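The values are calculated or read from the model by the stated rules, or taken from the named source; none is laboratory data. Fair warning: this is a prediction, and the values are worked out from it, not measured in the lab. Here the Cβ positions follow ideal geometry from the backbone for every residue, glycine too, while neighbour counts run over all protein chains shown. When the accessible area is computed, the model is the full protein with side chains, heavy atoms only, and any ligands, DNA or RNA have been set aside. Shrake-Rupley method; radii C 1.70, N 1.55, O 1.52, S 1.80 Å.
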Amino acid sequence: MDPSLIDWSRAQFALTAIYHWFFVPLTLGLSFIIAFMETMYIRTGDEHWKRITKYWMTLFGINFAIGVATGIILEFEFGTNWSNYSWFVGDIFGAPLAIEGILAFFLESTFIAVMFFGWNKVGKKFHLLSTWLVAAGANLSALWILVANAWMQYPAGMHFNPDTARNEMVNFWEVLFSPVAINKFLHTVQSGYVLASVFVIGISSWYLLKKREEMLAKRSMLVAGVFGLVMSVFIIVTGDHSARLMAKYQPVKFAAMENLYEGQTHAPLVAFGMLKVNESMEEHKKEDFIFKLEIPNFLSYMAFLDANAYVPGIKDLIHGNPERNIMPTTEKIDKGRVAISALKTYKEAKKSGDTAKSDSALTLLNANFNHFGYGFLKDEHEAIPPIKLTFYSFRIMVGLGFLFVLLFIISLWLVLKNKTANKKWFYYSAICMIPLAYLATQMGWMVAEVGRQPWIIQDVMPVSAAVSKLTTGSVQVTFVLFAITFTVLLIADIKILLTQIKKGPKEGGTSHV
Amino acid sequence: MNLLRRIFRFYYDGFMSMTIGRSLWMIILVKLVIIFAIFKLFFFPDFLGSRFDKQEDKAEYVTKELLNKLP
């Protein structure tokens, strides 16, 4: 397999996913912020709340409209560029995506019309219900695609059928309620809530800077500040849980994220650190620190809730550690090759009608299937993900997350103490936080997706086995096409949003999108 | 019938009173045309679907692919 084909196919998928994720988190979070604002309107009867709700609804509508259907391209890519994978995952991916489609269509499409067109046409309470249902629908749509993604990180509830070469779902609830799926859904949507809160505070700060729409800005900051702060607490909880799940189910990703080469008890967490530019030649993919600031015992505690716990490093996970009962990757590769050979024997025996041989091959395949994907690796070092990107992405995400907590606290303090006037330092900082919020969520995906390389399905299928036999040139062409299309869409989104923000709620665009 | 008429009026009035929404719908339509009539049609054929009609043949192909990828 041409390595450049794999790289271009991955780059193409990453590009599409990154651009798609520019639109999604704001939709997820802003839908709830709007619902809170409208609830305030219904509870108080204050027309200012109605005006505020309509204003943010307009920005929500712009983002929703530009972002809609950008995710479809990811599904095209599955069928074209990742056909082996698409076939191999079978109905496990199909079922959640079908449910997503139905939910998105019925919930979002129906009630979004009531939300935008229904002012003064339906009852106030029905309108409010529609706004909440749009928020619920958008978030439920995200649930299904995130369940599918979580299954790739932690395949559960399925059985491999060698006759069809597909994984078949044997337990839908195991797929839906796998610990990784629940955590991934919560952590990801919460990142959208935090991003939307930062967005609302940033835009509100711009109005305060321009000495316009003070009431709108202050009330919006209040709602977004409370929502963002509460969600930041939850995101810390789910992020912490995510680390434990990763340490348990994807230990190599965890070790890469921490650049932990040698396993240890009382493992410290590197709070800040810089890695040498060049890889050390001493051991493959060993990355050395130029400097690091550590929190003692914290990594052991974070991974296993025990400061004495042993956290395996990359060396342990790749070369094995008999003392800690860690299997070397070479042994996993052997098991994987046994499974693949058993699949071959099974197919041949089935064709020749040798039932005894096919039965024994099937037993061997089933016994080794959880290492199936290792059989495709050239050597043990291929099981190590890119360390630098995973390490830095994690720290940027977490660092920015704490910065947003500070933003929410300060914005709430300023609003509640009525000290928002002439705080230029705050206005500028809050505006600058908007792109940083997008950066933080993208970094989260980097940790999740780059950190699990080489796997497209953890331990079961590497990207090298998943990719379709296409020409590299054709993938390059579509990569460029996407880059152009999505960049145009993103520019359009930003331009229309900026125009609407500059117009503000007074000059129109408030009654209908 | 009255209900259907009311639903129609609801959407009709909503679309007619749109401001920025008209541009957004235009963007959505252009985007959908690009995605489905250009990308899907010319650049993203169903790799297996365009080569094989039967499910068994697709399974056979993917199995062979997997076995051939053994280093």
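Seen through its C-alpha gyration tensor, with square-root eigenvalues sorted a ≥ b ≥ c, the protein assembly as shown comes out oblate because a/c lies at 1.5 or above while a/b is not bigger than b/c. The local environment of A:ALA224, defined by Cβ-Cβ distances under 15 Å, has a net charge of 0 under the rule Lys, Arg +1 and Asp, Glu -1. Note on A:LEU498/B:GLU56: beta-carbon distance plugged into 1/(1 + (r/R0)^6) with R0 of 51 Å gives a FRET efficiency of 0.40. Figure legend: label point modelled 7 angstrom from the Cα of B:TYR11 along Cα→Cβ; residues of the stretch A:118-145 with amide N under 16 Å from it are A:118.
Against chain B, whose longest principal axis is taken from its Cα atoms, helix B:20-32 shows a tilt of about 20°. Sparsely packed loop sites in the stretch A:230-329 (the trypsin sites (Lys or Arg not before Pro) outside DSSP H, G, I, E and B with at most 12 other Cβ atoms within 10 Å) comprise A:LYS276. Shown in residue order for the stretch A:392-407 are the 3J(HN,Hα) couplings computed by the Karplus curve 6.51 cos²θ - 1.76 cosθ + 1.60 at θ = phi - 60°: 5, 4, 4, 5, 5, 4, 5, x, 5, x, 5, 5, 5, 4, 4, 4 Hz (x for Gly and Pro). Amide H contacts for A:ASP46 (H built 1.01 Å from N in the peptide plane; partners 5 or more residues away or on another chain; cut-off under 5 Å): none found. Electrostatic bookkeeping for A:VAL488 treats Lys and Arg as +1 and Asp and Glu as -1; over the other residues with beta carbon under 15 Å from its beta carbon, the sum is +1. Working from label points 7 Å from Cα in the Cα-to-Cβ sense, the A:ALA356 to A:THR44 distance is 8.3 nm. Across the stretch A:110-119, computed HN-Hα scalar couplings (Karplus, 6.51 cos²θ - 1.76 cosθ + 1.60, θ = phi - 60°) run 6, 7, 5, 5, 5, 4, 8, 9, x, 4 Hz from first to last residue, x flagging Gly and Pro. Summed over both chains, the contact between A and B buries some 4100 Å² of accessible surface at a probe radius of 1.4 Å.
For A:SER468, the residues whose amide H sits under 5 Å from its own are A:TRP82, A:SER83, A:ASN84, ignoring neighbours fewer than 5 places away on the same chain, with H placed 1.01 Å from N. Using only side-chain charges placed at the Cβ, +1 for Lys and Arg and -1 for Asp and Glu, the dipole size of the stretch B:2-68 relative to its Cα centre rounds to 560 debye. Note on the protein assembly as shown: dipole from Cβ charges, positive end direction compared against A:GLN442, A:ALA361, A:LEU107; the farthest Cα belongs to A:LEU107. Remark: mean inter-chain Cβ contacts per residue of A:477-485 equal 2, using a 10 Å Cβ-Cβ cutoff to other protein chain atoms.
For chain A, what is the calculated [θ] at 222 nm in deg cm²/dmol (nearest 500), taking -39500 (n - 2.57) for each run of four or more DSSP H residues and dividing by its residue count?
After summing the helix terms and dividing by the residues of chain A, the value is -23500 deg cm²/dmol.
Converting phi to 3J(HN,Hα) with the Karplus coefficients 6.51, -1.76 and 1.60 and the offset θ = phi - 60°, the stretch A:452-463 yields 9, 4, x, 8, 9, 10, 3, 6, 9, 8, x, 4 Hz in sequence order, with x at every glycine or proline.
Placing a label point 7 Å from the Cα of A:LYS210 along the Cα-to-Cβ line, the residues of the stretch A:478-501 whose backbone N sits under 11 Å from it are A:498-501. Give the carbon-plus-sulfur fraction of the accessible surface of chain A in %, rounded to a whole number; probe 1.4 Å, heavy atoms of protein chains only. Its accessible area is 65 percent carbon and sulfur atoms.
Between A:ASN171 and A:VAL237, the distance separating the two model label sites (each 7 Å from Cα on the Cα→Cβ line) works out to 2.6 nm.
Loop-located trypsin sites (Lys or Arg not before Pro) in the stretch A:383-423 (DSSP state not H, G, I, E or B) with no more than 10 neighbouring Cβ atoms inside 10 Å: A:LYS417. Within 10 Å of the Cβ of each residue in A:78-90, the mean number of Cβ atoms contributed by other protein chains is 5. Taking chain A as the reference, fit the longest principal axis to its C-alpha atoms, fit the long axis of helix A:91-103 to the helix C-alpha atoms, and give the angle between the two in degrees, 0 to 90, nearest 10. For helix A:91-103, the angle is close to 10 degrees. Scanning residues 5 or more positions from A:VAL311 or on other chains, those with amide H under 5 Å from its amide H are A:GLN264, A:THR265, A:ALA267, with H placed 1.01 Å from N in the peptide plane. Taking other residues whose beta carbon is less than 15 angstrom from the beta carbon of A:ALA247, and scoring Lys, Arg as +1 and Asp, Glu as -1, yields +1.
Spacing of the modelled spin labels on A:LEU389 and B:LEU3, each 7 Å from Cα toward Cβ, amounts to 5.3 nm. Taking Cα atoms only, the orientation of helix A:124-153 departs from the longest principal axis of chain A by about 20 degrees. For B:LEU70 and A:HIS381, the FRET efficiency from 1/(1 + (r/R0)^6), where r spans their Cβ atoms and R0 equals 30 Å, is about 0.95.
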